[in-house]
Amino acid sequence: MLELSNIHKTFNQGTIDEKVLFSDFNLTINDGDFVGVIGSNGSGKTTMLNIVAGDMPIDSGSVKLDGVEIGKLKNYKRAAKIGRVFQNPSMGTCPSMTIWENMSIADNKGKSFGLSFGLNRKRKDFYRSQLELLGMGLEDRLNTQAGSLSGGQRQALALIMATMIRPDLLLLDEHTAALDPKSSDTVMMLTEKIVREKKITTLMVTHNLRHAVEYGTRTIMMHDGNAIIDVSGAEKDGMTINDYLKVFNEISIECGN
């Protein structure tokens, strides 16, 4: 379970550009939830993700993962329990290393490193089995450099790497935004499959309303640091793209656009 309690975050504090984004913000993500977060630019969705990941400090409040306070931990320490896939496909893999080498690094997440071989040949069949889930033929290209893969293939590989050692929480930071429509849909179907089968609690920021409608168990719409829509179950299933667009348009009019 992820718990954000009484979060306060102000940008450019004490200047003419001061902006209070979060003021006493609260959000709970239950175990097994697959939450899609949508909202306009500046609504707080990406900032929320960065706060959870430890990439952005908060002014005050509490961030708990499975009941443990992590709000003061550095991002690299949170990474032991949190997996993340970024918008840029190049950020989730090392381009100069092979698929095999990339997966070996991911396989050793949270473990201590000693004077031993970096590539564990005993795990090679396991890596192949994980890559077979993608249906992209990468299981036969273990010695191919990650940098030579297409954007969709690299993002799919990054997704496998982020979930190989099952994280307590998976953060998806617009992870299909840089892909072409076909690759985007492929990666989303893989995301749904992996999250469901491994029962991973997931927080996905996206600008794609169709993905928010079709995937996940819960959808949250952010605006000015608040969750103005929070639907799950039958209520989420009954929402359409037009329902979300209607709220977007109403917000736009209120903001003078």
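Being charged (D, E, K, R) and either surrounded by fewer than 13 Cβ atoms within 10 Å (Cβ to Cβ) or closer than 27 Å to F126 by Cα (or both) holds for only one residue in E101, E3, and it is E101. Within the range 51-70, the residues that satisfy the criterion of being open to solvent by 30 Å² or more (accessible area, probe 1.4 Å) and either among the acidic types (D, E) or without any contact (Cβ under 8 Å) to a residue 60 or more places away in the chain (or both) are D55, M56, P57, I58, D59, S60, G61, D66, V68, E69. P181 passes every criterion in (1) in contact with a Gly (Cβ under 8 Å, 6 or more places away or on another chain); (2) farther than 19 Å from F126 by Cα; (3) modelled with pLDDT under 90 apart from (1). Among the residues of the range 29-58, those that are among the small types (G, A, S), within 21 Å of E214 (Cβ to Cβ) and not in a loop (DSSP other than H, G, I, E, B) comprise G36, G39.
Every residue, every condition in (1) in contact with an Asp or Glu (Cβ under 9 Å, 6 or more places away or on another chain); (2) within 26 Å of N88 (Cα to Cα), yes or no:
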| position | (1), (2) |
| --- | --- |
| T163 | no, yes |
| L171 | no, yes |
| E174 | no, yes |
| A178 | no, yes |
| D185 | no, yes |
| M189 | no, yes |
| E197 | no, yes |
| T206 | yes, yes |
| T240 | no, no |
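Candidates are the residues of the range 75-95 that are in contact with an Asp or Glu (Cβ under 8 Å, 6 or more places away or on another chain) and open to solvent by less than 30 Å² (accessible area, probe 1.4 Å); the one that is nearest to G54 (Cα to Cα) is I82. For the range 6-41, which positions are on the phi > 0 side of the Ramachandran plot, open to solvent by 10 Å² or more (accessible area, probe 1.4 Å) and in contact (Cβ under 8 Å) with a residue 60 or more places away in the chain? Result: G32, single match. Given the structure, is S112 open to solvent by 10 Å² or more (accessible area, probe 1.4 Å), on the phi < 0 side of the Ramachandran plot and at pLDDT 90 or above? So S112 does not fit the description; no.
Can you find a residue in the range 230-239 that is farther than 18 Å from M48 by Cβ, within 21 Å of the chain's Cα centre (by Cα) and buried (at least 20 other Cβ atoms within 10 Å of the Cβ)? Among the residues of the range 230-239, not one is farther than 18 Å from M48 by Cβ, within 21 Å of the chain's Cα centre (by Cα) and buried (at least 20 other Cβ atoms within 10 Å of the Cβ), which makes the answer no.
Answer yes if at least one residue in the range 192-212 is open to solvent by 30 Å² or more (accessible area, probe 1.4 Å) and among the aliphatic types (A, V, I, L, M), and no otherwise. No, the range 192-212 has no match at all. Where helices (runs of 4 or more DSSP H) sit wholly within the range 94-211, those with at least 1 residues that are touching a residue at least 40 places away in the same chain (Cβ under 8 Å) and among the β-branched types (V, I, T) occupy 99-107, 151-164, 181-198.
The values are calculated or read from the model by the stated rules, or taken from the named source; none is laboratory data. Everything numeric here is computed off the predicted structure, so don't read it as measured data. Heads up, the Cβs are rebuilt from the backbone with ideal geometry, glycines too, and the neighbour counts pull from every protein chain shown. Please note that ligands, DNA and RNA were not included when accessible areas were found on the heavy atoms of the full protein model with its side chains. Shrake-Rupley method; radii C 1.70, N 1.55, O 1.52, S 1.80 Å.
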